[in-house]
Amino acid sequence: MAHQQQSNNILDAVQLLADHGFDEMSQALQILFNEAMKLERSEYLGAEPYQRSVTRRSYANGFKPKSFQSRLGKLELQVPQTRDGDFYPSALERGERSERALKLAIAEMYVQGVSTRKVAKITTELCGFDVTSTQVSRAAKLLDEELETWRNRPLGQVEYLILDARYEKVRVEGSVRDCAVLIAIGVLASGHRSVLGVSVSLSEAEVHWREFLGSLNQRGLHGVKLIVSDAHEGLKAARQNMLAGTPWQRCQFHLMQNAMQYVPKVHLRKQVSEELRNIFNARDLDDALNELKRFVSTHEKTAPKLASWAEENIPEGLTVFTIPAGHRKRMRTTNMLERQNKELKRRTRVAGLFPNEESLLRLVTAVLVELSDDWETGMRYLTI
């Protein structure tokens, strides 16, 4: 029955072309596109519609309407869904990359002062269809509203919360300042990562982190089992105020870097690094604490400042032992943000100096929307 329906739909598309020629090409393409996506879903599931199979991967879960711009005009598509949420048509992914390229080009236009005519020419090449300067101007006006909506979208249960900041140069009241880009990443209950929020402020002072974390709470953030971040004082105070009682994991990578400041002799750094790794790679919390005691005992006479610092600070990097063993390796540092920071740096390097805080927020949001979409529709980061 399903094969017959698909055949009928394809015949309808062929008939449209036979009766109307190229005038109905977009409608014919729309039909063919929808059928191709259904076939791709069946291949992904390992079973045809209504077919019983013990080897099927998941189950069909209806369709989601989506408008898609093509060279032949606007297509109204029905995107097939699956229960596991992991399927997305490959052809549509290629189209969405063009849409993302357009948005990023518009965001960069704001920063660099590029004319809408030049942006239109570039985006025509990127997207494969004509984009006029008027359309770019209209899109530019709508972009801020879309990005603002994304930044304020409702949140839900988040297993793990990772907080970080990076700095970009911005012109503020006639002088150049290093402004902080505050970023929150979450590992969702599904195991996927998501960019929960982003904000631009003059510094990482407590007031700015507190306002940022407060906005996450207001948007419905809940269920956090662990927070991962560095030990910046402003963030620490804001975290204790806005997310009191939530366990905190101090980034072990930053701890290793901090420890090197207390090593009295350069040739001892390799030894200290290995000893710290033995603590962090321990089998469980008891073993880690025993390794820490051994570390303190070893260095309390030859490097008393190092021993004292370690005894006070290293336990903050051992909270990760309270979560499932399969999650520890990925949740003990903020290194998961490496790709994000590389992509942000690649985009912001072009601008160099941002004319204002708004232009910086606009560009980093456009980049993070793309990154978050890839994370949420890609492979699970953790099995939860």
Completion exercise
Within segment 267-384, pairs of Lys residues whose Cα atoms are less than 20 angstrom apart, provided they are eight or more positions apart or on distinct chains, add up to 5
Problem - Isotropically averaged projected area of segment 173-309, using the convex hull of Cα atoms (one quarter of hull area), nm² - result: 11.5 nm²
Problem - Residues whose placed amide H lies under 5 Å from that of residue 172, excluding near-sequence neighbours - result: 177
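We did not get these values from a lab; they are worked out from the coordinates using the rules stated. Quick caveat, the model's predicted, so the values are computed rather than measured.
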